[in-house]
Amino acid sequence: MPVHQMILLAVAATAPAFAYLAPQGDVWQVWVVEGGGSPRMLTRDASDKIHLSAASRTGELLALTRDGRGLLLDRSGSVRETHDLGLEVNEAALSADGTLVAMARDMKSGPTRERQIWLLDRRDGTRRRVVQRGGLQRSPEFSADDQWLIFTAGPAGGAQELWRVRLDGSAEEQLTAGSVSFMDPTVAPDGSVFVSTNRSGDYDIWRVDGKTYEMTPAVSRPGPDGQPAASADGRQILFVARGADGSAVWVAEADGSNPRQLTRGGGEVRSPVWLTSAGRRPDAVPASQPAGSPGGERIAFLKVTDGTWQPWEIRPDGSGLRRIATLAQDISRLTASADGRRLLANSLDGTLHLLESGAAQPTVVAVEPSGTTDAALSPDGTQIVFSVNTLQSIDANDLWLVPAGGGKARRLTDQPFLQHFPVWATSSEILYLSGRGGQTHDIWSVDAGNGKARAVVGEGLYNFEPAVSSRGDIAFSSNRGGDYDIWLLKQGASRPEQVTTEPGYDGQPAFSPDGRSLVHVARRGGAARLVVRPLDGGQARELPVDADARLPIWHAGGTLTVASVARAEERR
């Protein structure tokens, strides 16, 4: 176990949620800590991560790999976008609104080495240089209002001073002057800059006033302190402190008071960033919205409507029940991208319908082989995995993978018996059900890239409808206790624990985006109902859906509207 996993819990009551880089074996990965818990590895691919940034308004993370790729990650670790930034890029930062990426690029200008600041616009892919003069420019960071870039600059081998420039390259201004060096700036909401500097001897964290440019020490401890990150409300800073036994992530109030260690030393960490929920500060909950039920979240599900199964949605607090789309066929399964902007409906006749926010009509996705069942959309909305039988024999379905635009699919599994009901655990890992013949369904995992498969829950029982949380926990329905109940296999555990114990059927679980609650189907006689169940032992509650419902999904994005749906069907 990596040393940094030994977390200090003294501040659990107000523990910050943050992400950072640390090695797992020989590969640097992204790790997250939430609620004072133990670190959770967010990425598992083979690429070294060399820099990490976060967008304070969207909650996205940008991980820069050693091979020059920028990975846009959500809180679950799903890769929503990949940008080829170039091998010459060694630092990359997201704007607060997530639309821009600032990059420090190592370039050659004749015999002279330069490091230049460039901007990438994610909306159209354009790139442009911001600072036109020579020298070494490092560590670009956006101001809280996304109007300025703060960076350090100086000659090769010389002191690095603090500068700022508007995004169009105008109004370039030097903020500090002297013979000392400044590193790793971060900008607070009030415009002040926290920076690591050696002006007092070893490197400490100092604050530069955003109006007067007056400098005051913030964190001054024995040993180097650097890589500060200001919280969204400006009240705290994360930073990396180095001691004789390695480096660790620390947090302090913005004035430097109450410094405390978050990860234990003895290893290496770097690039700490704050985790925020999309569209709001981490400490902000709308007054009209119950705690634990973020205003942007929706539960989409299938509901019997005029004799056919159709897609609907509802808020986790039970408000906003509305129909999403009107489709001609019965829908057998509904899945969504992580941001909720794309939904995929698989009809009973094997047709795939892609529903996109603002679209006039759903799009039919044609795939080969046809006749899809159990189709599931990837978290970034770019891939579809489905089950289909191409051998014309009983229980011979395999899993296939195809781009969301359709086309010829690639076979992903080739095992005996039945492989079905795939679920995306991450952007590269898929859970699914695999039979052994007879009445058994084990839970397996397959790598979406190389097709390597392994058993996750393989006890020869009847297990159904697995779901994976942002924490790596797996929920599923199983008859191992008699009738069908919800069971939970926590990350790292070898045995599942029972969640529901009521008589009757409980199944088809789906996790909330933060992994702390489930929505599932419950049947106690009569119609199947949707139940929201906190996993901390809180009170479960039934959602007001007045007909049979099935296969709920809980996504973090806003409501998806297809123009062909009449507004009169919405009930608030």
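Brief remarks follow.
- Looking across the stretch 356-379, the residues that are out of contact with any Lys or Arg (no Cβ under 7 Å at 6 or more places or on another chain) and in a strand (DSSP E or B) come down to Thr363, Val364, Val365, Val367, Thr373, Ala376.
- Residues (surrounded by fewer than 22 Cβ atoms within 10 Å (Cβ to Cβ) and part of a strand (DSSP E or B)) located in the stretch 134-162: Leu136, Arg138, Trp148, Gly154, Glu161
- Selection of the stretch 197-230 for residues being polar (S, T, N, Q) and either farther than 13 Å from Gly256 by Cβ or touching a residue at least 60 places away in the same chain (Cβ under 8 Å) (or both) yields Thr197, Asn198, Thr212, Gln227.
- Residues (among the acidic types (Asp, Glu), farther than 17 Å from Ser470 by Cα and surrounded by fewer than 20 Cβ atoms within 10 Å (Cβ to Cβ)) located in the stretch 45-99: Asp48, Asp67, Glu81, Asp84, Glu88, Asp97
- Applying the set (1) at pLDDT 90 or above; (2) among the hydrophobic types (A, V, I, L, M, F, W, C); (3) surrounded by fewer than 16 Cβ atoms within 10 Å (Cβ to Cβ) to Ala287 leaves exactly one unmet item: (1).
- Number of residues in the stretch 334-355 that are crowded, with 22+ Cβ neighbours inside 10 Å and at pLDDT 85 or above equals 12.
- Any chance Pro513 is assigned to a loop (DSSP other than H, G, I, E, B) and in contact with an Asp or Glu (Cβ under 7 Å, 6 or more places away or on another chain): yes
- Residues satisfying the stated conditions in the stretch 163-196, i.e. in a strand (DSSP E or B), among the charged types (D, E, K, R) and either in contact with a Cys (Cβ under 7 Å, 6 or more places away or on another chain) or without any contact (Cβ under 8 Å) to a residue 40 or more places away in the chain (or both): Arg164, Arg166, Glu173
- Filtered residues of the stretch 232-271 (kept if more than 27 Å from the chain's Cα centre (by Cα) and not aliphatic (A, V, I, L, M)): Arg242, Gly243, Asp245, Gly246, Asp255, Gly256, Ser257, Asn258, Pro259, Gly266
- Count of the stretch 403-423 residues, restricted to those that are farther than 17 Å from Leu343 by Cβ and either in a strand (DSSP E or B) or touching a Cys at 6+ places or on another chain (Cβ under 8 Å) (or both), is 7.
- Number of positions in the stretch 380-402 that are part of a loop (DSSP other than H, G, I, E, B) and in contact (Cβ under 8 Å) with a residue 12 or more places away in the chain: 8
- Scanning the stretch 197-216 for residues that are outside any loop (DSSP other than H, G, I, E, B) and either farther than 15 Å from Asp255 by Cβ or in contact with an Asp or Glu (Cβ under 6 Å, 6 or more places away or on another chain) (or both) returns Thr197, Asp204, Ile205.
- In the stretch 450-507, the residues that are of a type in the set (S, T, N, Q) and in contact with a Lys or Arg (Cβ under 9 Å, 6 or more places away or on another chain): Asn463, Ser469, Ser470, Gln491, Gln498, Thr500
- Residues satisfying the stated conditions in the stretch 174-207, i.e. of a type in the set (Lys, Arg) and modelled with pLDDT under 85: Arg199
The values are calculated or read from the model by the stated rules, or taken from the named source; none is laboratory data. As the structure is a computational prediction, the values presented were derived from the model and not from experiment. Note that we place each Cβ from the backbone using ideal geometry, even for glycine, and neighbour counts take in every protein chain shown.
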